[in-house]
Structure formats: C-alpha cells, structure tokens
Amino acid sequence: MTDDMVTRLWQFATELIKQTAEKYGLPLKMSYNTVRGFHVQLCSTGKEGYSTDSLPDEFIKVTRCKNVFSFTTADLVCSVR
C-alpha cells in the first residue's frame with residue numbers, strides 16, 4: 001500500500017467518524033493500532049453516564065478500558081477493507 005493510499009484511507013475514515021460523531025452528538029475520534037486496526041474511541045469523564053449498553057446499536061465490538069470506550073461500526077469495517 002502506498003503512502004498516498006494510506007493517507008486517503010485515513011482521511012476517508014476520519015470523515016466517516018466525524019459524520020457519526022455529529023449524528024449522535026458524541027465526542028468521537030479515530031484511532032488505529034495493529035491489533036484493532038481502524039476503530040473509534042469515546043473518552044468519558046464518568047459524568048456523562050456512558051456505558052456499553054447506552055451506546056448506539058451501530059457501535060459494534062465495544063470494549064472499555066478505564067475511561068475510554070473503543071468500538072467500530074459496520075460502515076468503518078466495510079470501508080477500510
């Protein structure tokens with residue numbers, strides 16, 4: 001994969017997550033690591049009352065580590081393959 005392809009993929013995924021954040025009014029950000037690949041993160045201070053059950057059904061493979069929820073969406077999975 002060329003650097004240009006990676007850059008375009010990153011930009012597309014970022015835009016997709018931005019649209020999802022606006023749709024649900026949540027402070028979402030895109031992240032990447034070698035284990036999960038592209039995924040979405042939601043940082044919580046605890047005051048918002050987020051829980052894995054309270055997140056939209058569109059969010060799949062939800063995990064929580066301390067105050068950070070990590071998950072993906074079907075659109076994100078399909079777009080980066």
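The values are calculated or read from the model by the stated rules, or taken from the named source; none is laboratory data. Note that the structure is a prediction, hence the values are computed from the model and not measured. Neighbour counts are summed over all protein chains in view; Cβ atoms, including those assigned to glycine, are modelled from backbone coordinates with ideal geometry.
Sort out which residues of segment 33-47 are without any contact (Cβ under 8 Å) to a residue 24 or more places away in the chain and within 17 Å of K66 (Cα to Cα), and write them in order of number. Matches in segment 33-47: T45, G46, K47. Filtered by the rule that a residue be in a helix (DSSP H, G or I) and surrounded by fewer than 15 Cβ atoms within 10 Å (Cβ to Cβ), segment 12-39 gives F12, T14, E15, K18, Q19, E22, K23, Y24. Close Cβ contacts (under 7 Å, 6 or more residues apart or on different chains) running from residues in segment 48-73 that are touching a residue at least 40 places away in the same chain (Cβ under 8 Å) to residues that are in a loop (DSSP other than H, G, I, E, B) comprise T73/E58.
Going through segment 44-54 one residue at a time, which ones are surrounded by 10 or more Cβ atoms within 10 Å (Cβ to Cβ) and either under 17 Å from K23 (Cα atoms) or touching an Asp or Glu at 6+ places or on another chain (Cβ under 8 Å) (or both)? Listed by number, the list holds a single entry, Y50.
The numbered conditions (1) under 12 Å from the mean Cα position of the chain (by Cα); (2) at pLDDT 90 or above; (3) of a type outside the set (D, E) are all true for K23 except (1).
Pairing residues of segment 13-32 that are in contact (Cβ under 8 Å) with a residue 12 or more places away in the chain with residues that are of a type in the set (D, E), at Cβ distances under 8 Å and at least 6 apart in sequence or on separate chains, gives L16/D75; T20/E58; T20/D75. Checked against (1) over 11 Å from the mean Cα position of the chain (by Cα); (2) outside any helix (DSSP H, G or I); (3) surrounded by 13 or more Cβ atoms within 10 Å (Cβ to Cβ), D57 passes all but condition (3).
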